[in-house]
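The structure under discussion appears below in the form of structure tokens.
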Amino acid sequence: MQPQTVKMVITGPYSAGKTSFVQTISEIDVVSTERKITTEAERIKDQTTVAMDFGRITVDRDLVLYLFGTPGQRRFDFMWQILAQGMLGFVVLVDSARPETFREATKILEQFRAYADTPYVVAANKQDLPDAWQLDDLRIALRLDENVKLLPCVSTQKESVKNVLLELLYAILEEMDMQQQE
Amino acid sequence: MKGDLKHFGPTRLLNLVSLAKKTGTLSISRRGRGEKADLSFQDGKLVFISMNDADGSLVSVLQKVGKINKKQGDSLAAHAKKHGDKQLGLLLIQKGYVSRSDIVKAIKRHALSSINEFAKWQDGSFSFDQGVLPGEDRILVPLDLENIIIQIVRMQKRDEQLLETIPSLDVGLRYTDRSKSQKPDLKLSKEEWSVLRLVKRDNTLRMIAKSLEMDEMQIRRVVDSLREAGLVELISMNTPASRKLTAEEASSKRTLVKRLIETIQGL
């Protein structure tokens, strides 16, 4: 019998660290669709995701969690809605040291909220960099309400990535509790 | 010089006239829309503009800025028709109704608002008549085009960004949680208050704009400033609302999420 599969989506602006986030926690080598960057203006890194990153965490024989990292560049945003279908929740990853991407992060967050009314958390990635913005400042810059979880993150560190995913799962439980009370 | 704005846009056209220091009148006609404009230049400077109903006459520009009322305007128009704007201007200054500075300011204001409107035109046939200027009786106020062009380009860039931020008007608005705790003495413009009053679950931006008689860019500007202030957020009208789970489904989902939590904790 095929195991039940659930999925979470990792989204965020270009170069926020989505691919490394999925790579850090996935039990399989991430199926990545990275291609060399062709536009000079976008050459912050050598490669970029053009379709999705795909990672997996097996719970047991009956249940598997899939992690999908979205492409960050706008010209591949047609993939976002496809990836968002049926997701359990989503993580918006933001590069804490690149304020020029904050506006884009807000737009992406709004876009994903429009796709599905599912719980989400925002992860402030690259908190280990000296120029990283503090969480309080980031919350204001990203116009996040008090009740939205904004978590520190270093996407190359397993414990940090685990914490973000766990907080998303706790948020899902909290939302279910709220719905049951209504 | 003849062409269509589709191929040679307003800012490029103004830039050309300015750089070439041309003297003459640029006439634009948008037949399909019944719109027309005449822009006169002297040595590359804009000196007179008439656009659709705003004919640039002294009476109309003074009326527009509230220096004279409709009734006064009607009686002065007859005088202007007979003696011209220059004579009328002198008369009004002598009688102490307006100052010279009032007249210049009113004409400049009319010219700036008209040229900003013209800059939005994306089609229309144009022709430039070299050396042709408005009649002697008209008051010509020279305006440097460089700064105007820079301002227009800046506005166009902002509009492009707005289109990217709010691509569709078929979306709704809702108050953010933060907006509920905002101070009551918030200083908002009249337009912003008007839009806020219409924030309701089923109202799309298109409906709000129609109700407030705003054009597509106006509503985008107002909504963008309200979003920047953290008062509202956009919502898709097609967002599937999360279905309330049955007790059995909820229990099953809860078990599933707890299994995921245990697994991730153990990684």
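The values are calculated or read from the model by the stated rules, or taken from the named source; none is laboratory data. Just so we're clear, the structure is a prediction, and the values are computed from it rather than from any experiment. Positions of Cβ are backbone-derived with ideal geometry, glycine not excepted, and every protein chain shown enters the neighbour counts. The area values use the complete protein model at the heavy-atom level, side chains included, leaving out ligands, DNA and RNA. Shrake-Rupley method; radii C 1.70, N 1.55, O 1.52, S 1.80 Å.
A few points about this structure:
- Packing rank of B:166-173, A:102-109, B:64-71, where each peptide gets the mean count of other beta carbons within 10 Å, highest leading: A:102-109, B:166-173, B:64-71
- Counts of other chain beta carbons within 10 angstrom of each beta carbon in peptide B:226-237 average 3.
- Degrees separating the helix B:145-165 axis from the principal Cα axis of chain B, which is the longest one: 20
- Relative contact order of chain A, pairs being alpha-carbon contacts under 8 Å that are 6 or more residues apart, as %: 23
- Sequence-distant contacts, meaning Cα pairs under 8 Å at least 6 residues apart, place the relative contact order of chain B at 21 percent.
- What chain A shows is 47 Å² of accessible area per residue, with the surface traced by a 1.4 Å probe over protein heavy atoms.
- Less than 5 angstrom separates the built amide H of A:Trp133 from those of A:Ala97, all sequence-distant by 5 or more or on a different chain.
- Total charge dipole magnitude, the protein assembly as shown, about the Cα centre, Cβ charges on Lys, Arg, Asp, Glu only, Debye to nearest 20: 1720
- With the simple spin-label model, which puts each label point 7 Å out from Cα in the Cβ direction, the B:Lys82 to B:Arg174 separation comes to 6.7 nm.
- For q = 0.07, 0.08, 0.15, 0.16 Å⁻¹, Debye-computed log10 I/I(0) when each Cα of chain B counts as one equal scatterer: -0.42, -0.51, -1.17, -1.22
- Per residue accessible area in Å² of the stretch B:115-267, where ligands, DNA and RNA are left out and the probe is 1.4 Å: 60
- For chain A, the dipole from Cβ point charges (+1 on Lys and Arg, -1 on Asp and Glu) about the Cα centre works out to 600 debye, to the nearest 20.
- At an R0 of 22 angstrom, the distance between the Cβ atoms of B:Lys36 and B:Asn116 translates into a FRET efficiency of 0.85.
- Histogrammed with a bin width of 10 Å, the alpha carbon distances of the stretch B:2-160 distribute as 11, 39, 33, 16, 2 percent, first bin at zero.
- Using a probe radius of 1.4 angstrom, the carbon and sulfur fraction of the accessible surface of the stretch B:2-160 is 49%.
- Net charge of neighbours whose Cβ lies under 15 Å from the Cβ of B:His7, counting Lys and Arg as +1 and Asp and Glu as -1: +2
- Label-reachable residues, the stretch B:64-88, where backbone N falls under 14 Å from a point 7 Å from B:Asp53's Cα toward its Cβ: B:64, B:70
- Formal net charge of residues neighbouring B:Thr255 (Cβ-Cβ distance under 15 Å; K, R +1; D, E -1): -2
- Hypothetical label at B:Glu146: residues of the stretch B:8-28 whose amide nitrogen lies under 12 Å (7 Å Cα-Cβ projection): B:19
- Set of lysines near A:Lys158 by C-alpha distance (under 16 Å), chain-local residues within fewer than 8 positions excluded: A:Lys18, A:Lys126
- Between amide H atoms placed 1.01 Å from N, distances below 5 Å from B:Lys45 occur with no residue 5 or more places distant or on a separate chain.
- Range of Cα positions in the stretch A:96-152 per principal axis (Å), largest first: 35, 21, 16
- Across peptide A:116-124, the mean count of Cβ atoms from other chains lying within 10 Å of each residue's own Cβ comes to 2.
- Sequence-distant residues sharing a close amide H with A:Leu151 (under 5 Å, placed H): A:Val122, A:Ala123, A:Ala124
- Magnitude of the charge dipole for the stretch B:166-267, about its Cα centre and with charges confined to Cβ atoms of Lys, Arg (+1) and Asp, Glu (-1), is about 380 debye.
- The residues neighbouring B:Arg221, those whose beta-carbon lies less than 14 Å from its own, together hold a net charge of -2 under the Lys/Arg +1, Asp/Glu -1 convention.
- Straight-distance crosslink candidates among aspartates and glutamates, where the alpha carbon sits under 16 Å from B:Lys105 and sequence neighbours closer than 8 are dropped: B:Asp85, B:Asp144
- For the residue pairs B:Lys45/B:Lys108; B:Lys21/B:Lys64; B:Lys67/B:Lys157, the C-alpha atoms sit more than 23 angstrom apart in B:Lys21/B:Lys64; B:Lys67/B:Lys157.
- The protein assembly as shown: antiparallel DSSP beta bridges as a percent of all, rounded to 5: 70
- Volume of the convex hull of the protein assembly as shown (Cα atoms only), normalised per residue: 205 Å³.
- For residues of A:143-156, the mean tally of beta carbons on other chains within 10 Å: 2
- When you restrict to C-alpha pairs under 8 Å that are six or more residues apart and normalise by the size of the stretch B:166-267, the relative contact order lands at 38 percent.
- Summed over both chains, the contact between A and B buries some 3300 Å² of accessible surface at a probe radius of 1.4 Å.
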